[in-house]
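*Asks:* Take this structure, written in structure tokens, and hold onto it; I'll ask about it next.
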Amino acid sequence: MQNHWKYRIQRIGMVTLGILLMGGSVLSNAQTQQEVNVSIEGYKFLTSQMPLQLHADTIIRVKNLDDVRHDFGSQMFLNTLTHVESSGVVTYGKGIEGAYLDPGQEASFRLVLDHPGRFQFQCSIHPDMKGEILLLIVDAV
Ligand SMILES: [Cu+2]
């Protein structure tokens with residue numbers, strides 16, 4: 001029963017996202033997307049990222065390679081509009097804490113970072129699991 005309710009809310013979110021994306025593509029000048037890849041293996045976050053730029057579309061792809069459930073959560077999503085896709089379910093908005101990942105599962109987080117810094121993330125199930133994404137100011141090429 002509760003699953004049905006959740007599904008409906010998320011469907012509504014998807015429609016809203018479609019409208020926002022259409023609006024966004026008119027406003028932005030086809031910026032390139034920058035990627036951060038995070039794999040979870042052996043109760044550790046392994047991060048690979050290119051130098052990140054401010055105000056660019058950023059996608060964080062997270063994959064759980066362990067055979068236990070993990071969580072990818074970060075404060076950075078709380079005040080930032082974030083588009084999360086996990087198991088074919090899309091959520092969009094501010095205040096997203098993160099996503100749970102079952103064994104083998106992937107999730108992606110799309111957002112635009114508007115200030116530099118170290119963005120920390122963690123697994124709420126295993127508090128010792130922590131990682132970070134760095135956004136240093138670099139001159140655009
Ligand atoms: Cu964990």
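The values are calculated or read from the model by the stated rules, or taken from the named source; none is laboratory data. Note that the coordinates shown come from a computational prediction; the quantities given were computed from them, not determined experimentally. No Cβ is skipped: glycine too gets one built from the backbone with ideal geometry, and neighbour counts run over all protein chains shown.
*Asks:* Quick check on my filter: what residues within the stretch 106-141 are without any contact (Cβ under 8 Å) to a residue 12 or more places away in the chain and more than 12 Å from the ligand (Cβ to nearest atom)?
*Replies:* We begin by selecting, within the stretch 106-141, every residue without any contact (Cβ under 8 Å) to a residue 12 or more places away in the chain; these are 127, 139, 141.
Result: Asp139, Val141.
*Asks:* Test of understanding: among Gln31, Gln10, which residue is at pLDDT below 85, touching a strand residue (DSSP E or B) at 6+ places or on another chain (Cβ under 8 Å) and in a helix (DSSP H, G or I)?
*Replies:* Gln10
Quick grid of which residues meet (1) among the small types (Gly, Ala, Ser); (2) surrounded by 15 or more Cβ atoms within 10 Å (Cβ to Cβ); (3) not in a strand (DSSP E or B):
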position	(1), (2), (3)
Thr47	no, yes, no
Leu52	no, yes, yes
Arg61	no, yes, no
Asn79	no, no, yes
Val84	no, yes, no
Arg110	no, yes, no
Asp128	no, no, yes
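*Asks:* Considering only residues that are at pLDDT 95 or above and either over 14 Å from the mean Cα position of the chain (by Cα) or in a loop (DSSP other than H, G, I, E, B) (or both), look in the stretch 112-126 and name the one that is nearest to Arg69 (Cα to Cα).
*Replies:* Ile125
*Asks:* Show the residue pairs that are 6+ apart or on different chains and have beta-carbon atoms under 9 Å apart, the first residue being within the stretch 36-50 and at positive phi, the second being surrounded by 13 or more Cβ atoms within 10 Å (Cβ to Cβ) and part of a strand (DSSP E or B).
*Replies:* Pairs found: Tyr43/His70.
*Asks:* In this structure, does Val62 turn out to be under 13 Å from Phe121 (Cα atoms), of a type outside the set (Asp, Glu) and within 12 Å of the ligand (Cβ to nearest atom)?
*Replies:* yes
*Asks:* Hey, among the residues in the stretch 66-105 that are over 20 Å from Thr47 (Cβ atoms) and of a type in the set (D, E, K, R), which one's farthest from the ligand (Cβ to nearest atom)?
*Replies:* The extreme case among them is Lys94.
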